[in-house]
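Before any comments, here is the structure.
The values are calculated or read from the model by the stated rules, or taken from the named source; none is laboratory data. Computed from a predicted model, the values in this text were never measured in an experiment. Here Cβ is always computed from backbone atoms with ideal geometry, including for glycine, and neighbour counts include all displayed protein chains.
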4 protein chains.
Amino acid sequence: MRPIEVTVWGENLHEQTDAAVRELYPDGMHAAIARLIGARLPEARIRTATLDQPEHGLTSAVLDATDVLTWWGHRGHDRVDNTIVARIHQRVLDGMGLIVLHSGHESKIFTRLMGTRCSLRWREGDDRELVWTVAPSHPIARGVPQPIVLPRHEMYGEFFDIPVPDELVFVSSFSGGEVFRSGCCFVRGKGRVFYFSPGHETFPIYHQPEIGHVLANAVAWAHQAEISPIMTRRSQHAPAGWFEKT
Amino acid sequence: MRPIEVTVWGENLHEQTDAAVRELYPDGMHAAIARLIGARLPEARIRTATLDQPEHGLTSAVLDATDVLTWWGHRGHDRVDNTIVARIHQRVLDGMGLIVLHSGHESKIFTRLMGTRCSLRWREGDDRELVWTVAPSHPIARGVPQPIVLPRHEMYGEFFDIPVPDELVFVSSFSGGEVFRSGCCFVRGKGRVFYFSPGHETFPIYHQPEIGHVLANAVAWAHQAEISPIMTRRSQHAPAGWFEKT
Amino acid sequence: MRPIEVTVWGENLHEQTDAAVRELYPDGMHAAIARLIGARLPEARIRTATLDQPEHGLTSAVLDATDVLTWWGHRGHDRVDNTIVARIHQRVLDGMGLIVLHSGHESKIFTRLMGTRCSLRWREGDDRELVWTVAPSHPIARGVPQPIVLPRHEMYGEFFDIPVPDELVFVSSFSGGEVFRSGCCFVRGKGRVFYFSPGHETFPIYHQPEIGHVLANAVAWAHQAEISPIMTRRSQHAPAGWFEKT
Amino acid sequence: MRPIEVTVWGENLHEQTDAAVRELYPDGMHAAIARLIGARLPEARIRTATLDQPEHGLTSAVLDATDVLTWWGHRGHDRVDNTIVARIHQRVLDGMGLIVLHSGHESKIFTRLMGTRCSLRWREGDDRELVWTVAPSHPIARGVPQPIVLPRHEMYGEFFDIPVPDELVFVSSFSGGEVFRSGCCFVRGKGRVFYFSPGHETFPIYHQPEIGHVLANAVAWAHQAEISPIMTRRSQHAPAGWFEKT
């Protein structure tokens, strides 16, 4: 069986300027995310890409060869080129999986796919986050502990301005009392999209095995070994009886 | 009670150049749609707007005063100014209702809200369309005959490249055998969006009372007498205990 | 306009034997719930019914005249007669609204409508519950504060073994860190069903105006002024062309 | 990897009394269904069971060893023992997959899981049925032709009185103009349920490879290699901090 081709994208900015982040992720958050997924998904072939590369490392060739793209961005949302965003968008609609992480909720690619603002409430404090499974038979929840405990994490709270998820897998609570739909599945075009909120840069979230467990499940879920041949790139004329066998 | 403020937008192009359309809709499709809604919804105050007007008739003042906007466009999708599209988009996210009609499936505002291509299969032939209710207790289906018979209509067929509707109200069949999700509800931001596929310009769809029945129900459903004060325009900081009564 | 006919059902058992409950609800929880709804919904005509009445107060005549039934039960679930449960079930499928409260999650009528166990985790402690709106434009959330604060309440936590709600309106958090889908809409047959978890008997939940606000919104949402004439009581033969106008 | 354990249940009544059915399915419809699934799913171990066997062939031992159960019944719905129905129900809630076929829409197990009447409109005539995919990226639609053509089949038409499916995969049209939600996914408890309407006993539906394709996809989808350990058999007390690591 062909391996799952995964591209882990990270903007890799905080790591350059913030010593605390660099200490946690000396070779970048993208590298840690790639390792975390690879540890549980040996059938994946994982590459990374970053903002500062030509075309952000996301050339047409790379994207065409990618089954599932993961996205971590924050400070550099505006620096992502609109042409590249349009290219990713088209690839998702054509069947590529997309995993959007944490502050990626306000990335160009996620808001374009959602059609909404994807705004939320936030607080960097000392909240503990608990990630609860509300869909035990969903593939992304498979084997995940109930709950996942993140000893310290940034609070993300409702109202989260997204369309109603096609499947809601996780809901988080925070010490301060807020709740958040932290694991949300969407189908857009022929692609599967998963948003997962854990992953603030100043906490060792991407060193926690349970998070790797969720990410690996999400990659496997978002990957389609066979993409539907139904053509969606444009509306097409269908003469009467076009589907009849001749 | 304050009347529902409805703005009926029509691109009003086919009516200028196609004698058959002009005969059916001598004062424009928008005028016919406005009449059809008004006939069943006396509590609505209805204005119309068209592509050729300054700002397409959709100034900030008009949109701010609009509770529900209906949209019929086709040939002129590309001529709709991006600034106006962005303005409508923001108004929907802030709670304005939007009813997208027929060929509006490929309008800029609809594809932006959906995040997908909204492509489909089509055929201008002599199909009969039957519009079936699959959600009998939905407000938009209230009092609507099962099925609505459109003696002749353009075929729109699956696959329709939209996100899964939050509520599926109508499914159509065509003489040629195709099916189509013809009445679809979406919530986007704080706004309610309804797509309804009947309405090809060369057929007297907007003279048929059952269509008016659906449109009036849809306007009433999309209208919110009271918009949620929850702020979604940007993510906001929430200090611990912000919701405590002092 | 015809008033909305509401029947508030309470098993009225704790009130008889538990002094603390009787002190909070001297004339029964059902009476308090009826008052709370009536205070915000003057267009409703509200009666109450209890377990100890003949046919639990839910004769065919009463149910046939009821637009929306609210249900609070706990200790007496098993004492509810199966014939009455079947009668309520049929009425819901025919279009009556049903609001199931708190411990009603394990009532016969709710589990029959859901098809699942409706089990959950619980704790009677000193948790504070916060009820968060995750669907700001839903009619049941209209005007409801974000969040509702219940200073003390029984904890109900996930996993809550219900089908995925057709619409998820509220999610609660508890001091202990649990989350719960506390406001859930379902359509079953032609009836609308709302489950709302606040309402433990030892706390003054049904004296809190925000709870009345939600309940009144829920009654208005569950009520249908006009029930679809589509016949669902049995499968029926449909000769070819049955829908043609003659 | 452990094989998928599939039990194909057929009431096997029409085959005994109706020569036309027996000619199509000389060793019973269940045998044909088993063959059809096995042809595409070599990793499955398939057994059959019928109404006339002790406990209808569905002893606790058989069900406990079954990953996915398929169900074809019609004339004998009332002869299925309530004890066995309750046993199947509990197994589904505990994670067993269930595929309900054609006239199984009114079986005891399906209506119990749905909570509704599952009634519909029907006609035995000479309709052609077209089965259209409306969810191209769903695992059950993988590789399925668009549309599947059933040259002759019984008409099943809307309104189909089921809860809104968690995922709608197929919609059918019939020559007579009716439409039907013919492929519907539901999650109930920890089990996955798929309803698929093709399969009338007087047509060679279960000799058609595309139908086997759908059934094999459905079995693979409904099967969970690992069932969530979250306990749902009853509500359980959760002391504060029960999830803390000690």
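Restricting the first residue to segment D:153-166 and requiring it to be more than 9 Å from chain C (Cβ to nearest Cβ) and under 12 Å from C:VAL187 (Cβ atoms), which pairs with a second residue that is hydroxyl-bearing (Ser, Thr, Tyr) and in a loop (DSSP other than H, G, I, E, B) meet a Cβ separation below 9 Å and a spacing of at least six or different chains?
So the pair list comes out as D:ILE162/D:THR116.
Looking at segment D:201-210, is at least one residue assigned to a strand (DSSP E or B), touching a residue at least 24 places away in the same chain (Cβ under 8 Å) and either within 11 Å of another protein chain (Cβ to nearest Cβ) or touching a helix residue (DSSP H, G or I) at 6+ places or on another chain (Cβ under 9 Å) (or both)?
Let us first name the residues in segment D:201-210 that are assigned to a strand (DSSP E or B), namely none.
So far as segment D:201-210 goes, no, none of its residues is assigned to a strand (DSSP E or B), touching a residue at least 24 places away in the same chain (Cβ under 8 Å) and either within 11 Å of another protein chain (Cβ to nearest Cβ) or touching a helix residue (DSSP H, G or I) at 6+ places or on another chain (Cβ under 9 Å) (or both).
Yes/no per residue for (1) of a type outside the set (A, V, I, L, M); (2) buried (at least 19 other Cβ atoms within 10 Å of the Cβ):
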{"position": "C:ASP64", "(1), (2)": "yes, no"}
{"position": "C:THR70", "(1), (2)": "yes, yes"}
{"position": "C:ARG75", "(1), (2)": "yes, no"}
{"position": "C:ILE88", "(1), (2)": "no, yes"}
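Give me the pairs, please: first residue somewhere in segment B:47-65 and more than 16 Å from B:LEU98 (Cβ to Cβ), second residue anywhere and at pLDDT 95 or above and aromatic (Phe, Trp, Tyr), beta-carbon distance under 8 Å, and either six or more positions apart or on two chains.
Once the first residue is more than 16 Å from B:LEU98 (Cβ to Cβ) and sits in segment B:47-65, its partners that are at pLDDT 95 or above and aromatic (Phe, Trp, Tyr) give B:THR50/B:TRP9.
Given the criterion more than 14 Å from chain A (Cβ to nearest Cβ), touching a Ser or Thr at 6+ places or on another chain (Cβ under 7 Å) and not charged (D, E, K, R), identify the matching residue among B:THR66, B:THR70.
Only one candidate passes the filter, namely B:THR66.
Among the numbered criteria (1) more than 27 Å from B:ARG2 (Cα to Cα); (2) surrounded by fewer than 20 Cβ atoms within 10 Å (Cβ to Cβ), which single criterion is violated by B:SER119?
Single failed check for B:SER119: (2).
Working only within segment D:19-46, note down all residues that are touching a residue at least 60 places away in the same chain (Cβ under 8 Å) and in contact with an Asp or Glu (Cβ under 7 Å, 6 or more places away or on another chain).
Hits for segment D:19-46 are D:VAL21, D:TYR25, D:MET29.
Please count how many residues of segment B:101-124 are aromatic (Phe, Trp, Tyr) and free of Cβ contacts under 8 Å to residues at least 40 places away in the same chain.
Selection size over segment B:101-124: 1.
Do you know which of the residues in segment C:93-110 that are hydrophobic (A, V, I, L, M, F, W, C) and not in a loop (DSSP other than H, G, I, E, B) is nearest to D:LEU93 (Cα to Cα)?
C:PHE110
In segment A:123-152, which residues are more than 30 Å from D:ARG188 (Cβ to Cβ), touching a His at 6+ places or on another chain (Cβ under 8 Å) and surrounded by fewer than 21 Cβ atoms within 10 Å (Cβ to Cβ)?
So the first thing to find is which residues in segment A:123-152 are more than 30 Å from D:ARG188 (Cβ to Cβ), and the list is A:123-128, A:150-152.
Going one step further and asking which of them are touching a His at 6+ places or on another chain (Cβ under 8 Å), we end up with A:123-124, A:127-128.
Listed by number, the residues that qualify are A:ARG123, A:GLU124, A:ARG128.
Looking at D:THR70, D:THR48, D:THR83, which is the one that is polar (S, T, N, Q), more than 19 Å from D:TYR195 (Cβ to Cβ), in a strand (DSSP E or B) and out of contact with any Lys or Arg (no Cβ under 9 Å at 6 or more places or on another chain)?
D:THR48
Per-residue answers, yes or no, for (1) part of a helix (DSSP H, G or I); (2) out of contact with any Cys (no Cβ under 9 Å at 6 or more places or on another chain); (3) not β-branched (Val, Ile, Thr):
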| site | (1), (2), (3) |
| --- | --- |
| D:HIS56 | yes, yes, yes |
| D:THR66 | no, yes, no |
| D:HIS74 | no, yes, yes |
| D:ARG91 | yes, yes, yes |
| D:ARG112 | yes, yes, yes |
| D:THR116 | no, yes, no |
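Checking C:TYR206 against (1) over 30 Å from A:VAL149 (Cβ atoms); (2) surrounded by fewer than 21 Cβ atoms within 10 Å (Cβ to Cβ), which single condition isn't satisfied?
Answer for C:TYR206: the failing condition is (2).
Being in contact with a Phe, Trp or Tyr (Cβ under 9 Å, 6 or more places away or on another chain), over 16 Å from B:HIS223 (Cα atoms) and not hydrophobic (A, V, I, L, M, F, W, C): is that true of B:GLY76 here?
Answer is no for this residue.
Out of all the residues in segment D:118-139, which are aliphatic (A, V, I, L, M) and under 18 Å from the mean Cα position of the chain (by Cα)?
Hits for segment D:118-139 are D:LEU120, D:VAL131.
Here is a list: B:GLU43, B:GLU55, B:GLU23. Which entry is under 27 Å from B:ALA86 (Cα atoms) and of a type in the set (D, E, K, R)?
Result of the check over B:GLU43, B:GLU55, B:GLU23: B:GLU55.
What number of residues in segment A:95-113 are surrounded by fewer than 22 Cβ atoms within 10 Å (Cβ to Cβ) and at the interface with chain B (Cβ under 10 Å from one of its Cβ atoms)?
3
Find the residue count for segment A:1-31, including only residues that are in contact with a strand residue (DSSP E or B) (Cβ under 9 Å, 6 or more places away or on another chain), buried (at least 20 other Cβ atoms within 10 Å of the Cβ) and outside any loop (DSSP other than H, G, I, E, B).
Here the count works out to 8.
Using the structure shown, decide if A:VAL169 is within 14 Å of chain C (Cβ to nearest Cβ), surrounded by 24 or more Cβ atoms within 10 Å (Cβ to Cβ) and closer than 30 Å to A:MET231 by Cα. I'd like the intermediate steps shown before the answer.
Details: within 14 Å of chain C (Cβ to nearest Cβ): yes; surrounded by 24 or more Cβ atoms within 10 Å (Cβ to Cβ): yes; closer than 30 Å to A:MET231 by Cα: yes.
Considered against the rule, which asks whether it is within 14 Å of chain C (Cβ to nearest Cβ), surrounded by 24 or more Cβ atoms within 10 Å (Cβ to Cβ) and closer than 30 Å to A:MET231 by Cα, A:VAL169 comes out as yes.
Please state which one of B:TYR195, B:TYR156 is assigned to a strand (DSSP E or B), under 28 Å from A:MET114 (Cβ atoms), within 15 Å of the chain's Cα centre (by Cα) and not charged (D, E, K, R).
Result of the check over B:TYR195, B:TYR156: B:TYR195.
Taking into account only those residues within segment A:176-194 that are more than 8 Å from every other protein chain (Cβ to nearest Cβ) and either without any contact (Cβ under 8 Å) to a residue 12 or more places away in the chain or closer than 22 Å to C:GLY177 by Cα (or both), which is surrounded by the most Cβ atoms within 10 Å (Cβ to Cβ)?
Checking each candidate, the answer is A:GLY183.
Out of all the residues in segment C:114-145, which are more than 14 Å from chain B (Cβ to nearest Cβ) and touching a strand residue (DSSP E or B) at 6+ places or on another chain (Cβ under 9 Å)? Outline the logic, then answer.
Initially, segment C:114-145 is screened for residues more than 14 Å from chain B (Cβ to nearest Cβ), giving C:114-127.
Within segment C:114-145, C:MET114, C:GLY115, C:THR116, C:CYS118, C:SER119, C:LEU120, C:ARG121, C:TRP122, C:ARG123, C:GLU124, C:GLY125, C:ASP127 meet the criteria.
Which residues, counting only those in segment A:215-235, are in contact with a strand residue (DSSP E or B) (Cβ under 6 Å, 6 or more places away or on another chain), within 14 Å of chain D (Cβ to nearest Cβ) and either assigned to a helix (DSSP H, G or I) or loosely packed, with under 14 Cβ neighbours inside 10 Å (or both)?
If the condition is that a residue be in contact with a strand residue (DSSP E or B) (Cβ under 6 Å, 6 or more places away or on another chain), within 14 Å of chain D (Cβ to nearest Cβ) and either assigned to a helix (DSSP H, G or I) or loosely packed, with under 14 Cβ neighbours inside 10 Å (or both), then A:ALA222 is the only one that fits.
Can you tell me which residue is farthest from B:GLU226 (Cα to Cα) among those in segment B:32-45 that are part of a helix (DSSP H, G or I) and hydrophobic (A, V, I, L, M, F, W, C)? Write out each step before concluding.
Looking only at segment B:32-45, we keep the residues that are part of a helix (DSSP H, G or I), and these are B:32-40.
Now narrow it down to the ones that are hydrophobic (A, V, I, L, M, F, W, C): B:32-34, B:36-37, B:39.
On the way: B:ALA32: 29, B:ILE33: 26, B:ALA34: 24, B:LEU36: 25, B:ILE37: 22, B:ALA39: 24 Å.
So, considering only residues that are part of a helix (DSSP H, G or I) and hydrophobic (A, V, I, L, M, F, W, C), the one farthest from B:GLU226 (Cα to Cα) is B:ALA32.
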